[in-house]
Amino acid sequence: MMRQVLIINITRMGDLVQMGTLLSRLRDEWPGVAVDLVVDRQFAPVASMLSGLRDIIAYDFHALIDESRVCAKDTVALYREVASWADELHKCRYDRIINLTFNRSSALLTEYVGAHDIRGARSAWDGGTVINNPWMVYFTDIHQIRRINRFNLVDVYAMAGSRPGSFAPLCVTTPAENTDWGRRFLSSPGGPDGKWIAVQAGASDVMKAWRPEHFGVALARFSKHWDGGILFIGSPSERDAIAHVIRTYRETGGRSTIKNAAGQTTLPQLVALLADCRVLLTNDTGPMHLAVGVQTPVIDLSVGHVDFQETGPHGPGHWVLQPDLECAPCGFDQVCSHHACKDRLPIDVVAAVMQHVVGQGPLPVTVPGYRLYRSGVDADQLGTFELVSGREDAIETWYAAFWRRRWYESFTGRTSRLPALNSVAPDTGEGLACMRTMMPLLDSLCRRADHIVRLTGQMPLPVQAIQALQLTQAEERQKVAQAGRATWATRPLITAALRLLHQDNVQGLERMARHHAAAYHRWRHETKVVASYLTSARGAPASSANAPVSYVGIK
């Protein structure tokens, strides 16, 4: 019998392109699988360029949100409208739903459509939201542990929605008429003979964009060694930024031919243009993933709150430059007053990397202020980034490798093929001291949780005694969380434990008490396990594939 899968992905263009590996893994898992995609109407053209979809189900979710916000329709009318549309999905009886949009609206839709196997956000029994699948839960917590995260969103999608497997590159295709159009667009009398680089100087969020004047100077210096053309791409809203780049480019001696396609292409036409370019110099944008999907090398300028480890170009053949600043990348909820990261990427280095990628020079000599990474595929067939130039924090680097292996083995139940760590943590003493502070508090939390479980089984219910225990428990929980945030050995455990405590999708006081007790016991167990790793001679797990991690078991 043919399997049916529904994917819900209604947020951004880049997120859709990043599903490519997931679609490939689903075909490997269930040959002949029928995959349908729910997408916002404005992104349907992107979805049409992906392979492996049976049906693209478009809905104007942005209009729905706007109508709800301004009360253009009453709530009952809006509900009936969406329910009528979603009823056809409900009738399909999908074998699996993969919800890649982490908000309450998508959770309600997922629950309404229904499936035996749901991965991602769904509605809880009380109307709240609960996350199924450990990879999905991990993704929702990345922003709290992003400095040691080493999983690209492409791989998280693939392993959450399906399973690990062989490396599968992102892929987008466009009809032949767009390819022909692109070649005509780039051809001009006296212009470069088929040699173009693409540049996206804008971004949907100004925080993610390198300064236009820096783009202009870097391109002018690159043009001294480049006999091809420079193609600017982007949306109509980015025309002012591009005009600034071009003005600076000409004022600083730029000599290459320029074409400006910003706002002049459909998405399939843009894909065709990118496929004909030697490289794309870009901020973190949706077109960056389109370039990856047509195997055009990318140079990603990772500034602002962008973390290339999460959303950078996936697979081999790409380059990333990141400022070397303690605050970089900043958090999504932070308001930056200085944007110093945008001045830390040396203009000469950006130009030199471009020259290297087009085969006209060596990699630049290391200078302070930035890090240069080369993308690749690791032994577990996941995307990775290798530091080529610059320095990383030794503690964060060690724990990034430690948790990368630990999480992979715990979430998949497979032994990682990455080499075991051959060194101890640089802050072993501090980490163990932190856990010695935490353990008595965790022991106490477990005892109180077990006591609460016993009290919830009594009749009449001793309400005051339970409330007193919960109050003390909250104080101890705050103390242990505060202590555990001091080191990367324990900070991820806190993130996972607090998430698990709040993911109490159970009905009844006694069942909730048992859920909380299990969460505290798991927290204590995981802390002991990490402590044993830190005290081992090699600083790596001996058999971590079979040892549970804090995210495992979260429903």
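The values are calculated or read from the model by the stated rules, or taken from the named source; none is laboratory data. No experiment lies behind these values; they were computed from the predicted model shown. So basically every Cβ, Gly included, is an ideal-geometry build from the backbone, and we count neighbours across all protein chains shown.
Here are some notes:
- So V350, is it in contact with a Cys (Cβ under 9 Å, 6 or more places away or on another chain) and modelled with pLDDT of 80 or more: no
- A single entry from T266, T282 fulfils the requirement of being assigned by TED's automatic domain parsing to the domain that holds L186 and surrounded by fewer than 21 Cβ atoms within 10 Å (Cβ to Cβ): T266.
- Segment 170-195 residues that are closer than 24 Å to G263 by Cβ and of a type in the set (F, W, Y), paired with ones that are modelled with pLDDT under 95 and surrounded by fewer than 18 Cβ atoms within 10 Å (Cβ to Cβ) (beta carbon under 9 Å, 6 or more apart): F185/Q264
- When R255 is tested against (1) over 27 Å from R371 (Cβ atoms); (2) modelled with pLDDT of 95 or more, exactly one condition is not met: (2).
- Any hit, segment 458-475, residues being touching a Leu at 6+ places or on another chain (Cβ under 9 Å) and either over 19 Å from R511 (Cα atoms) or not assigned by TED's automatic domain parsing to the domain that holds Y533 (or both): no
- Where T495 falls short, out of the listed (1) within 18 Å of I131 (Cα to Cα); (2) in contact (Cβ under 8 Å) with a residue 40 or more places away in the chain; (3) surrounded by fewer than 16 Cβ atoms within 10 Å (Cβ to Cβ): (3)
- Cβ-Cβ under 6 Å pairs, at least 6 apart or on other chains, segment 363-374 side assigned by TED's automatic domain parsing to the domain that holds S302, far side in a strand (DSSP E or B) and of a type in the set (D, E): R374/E386
- Candidate set: segment 444-454, residues that are within 20 Å of R511 (Cα to Cα) and without any contact (Cβ under 8 Å) to a residue 40 or more places away in the chain; chosen: the one surrounded by the fewest Cβ atoms within 10 Å (Cβ to Cβ): R454
- Scan of segment 358-409 for residues that are surrounded by fewer than 22 Cβ atoms within 10 Å (Cβ to Cβ), in contact with a Ser or Thr (Cβ under 6 Å, 6 or more places away or on another chain) and either in a helix (DSSP H, G or I) or of a type in the set (S, T, N, Q) (or both), ordered by number: T366, Q381, S389, E409
- Test: A209 is over 30 Å from N133 (Cα atoms), modelled with pLDDT under 95 and either touching a strand residue (DSSP E or B) at 6+ places or on another chain (Cβ under 7 Å) or assigned by TED's automatic domain parsing to the domain that holds G293 (or both): yes
- Going through (1) part of a loop (DSSP other than H, G, I, E, B); (2) of a type in the set (A, V, I, L, M); (3) closer than 23 Å to F411 by Cα one by one, A497 falls short only on (1).
- Of the strands (runs of 3 or more DSSP E) lying entirely inside segment 51-124, those containing at least 2 residues that are in the same structural domain as M19 (by TED's automatic domain parsing) and at pLDDT below 95 are 55-59, 117-123.
- Segment 504-555, residues that are aromatic (F, W, Y), modelled with pLDDT of 50 or more and either under 23 Å from S444 (Cα atoms) or part of a loop (DSSP other than H, G, I, E, B) (or both): Y520, W523
- In segment 18-45, the residue that is modelled with the highest pLDDT out of those that are part of a helix (DSSP H, G or I) and under 15 Å from T101 (Cβ atoms) is L22.
- Members of segment 254-303 that are among the hydroxyl-bearing types (S, T, Y) and either within 17 Å of A176 (Cβ to Cβ) or part of a loop (DSSP other than H, G, I, E, B) (or both): S256, T265, T266, T285, T296, S302
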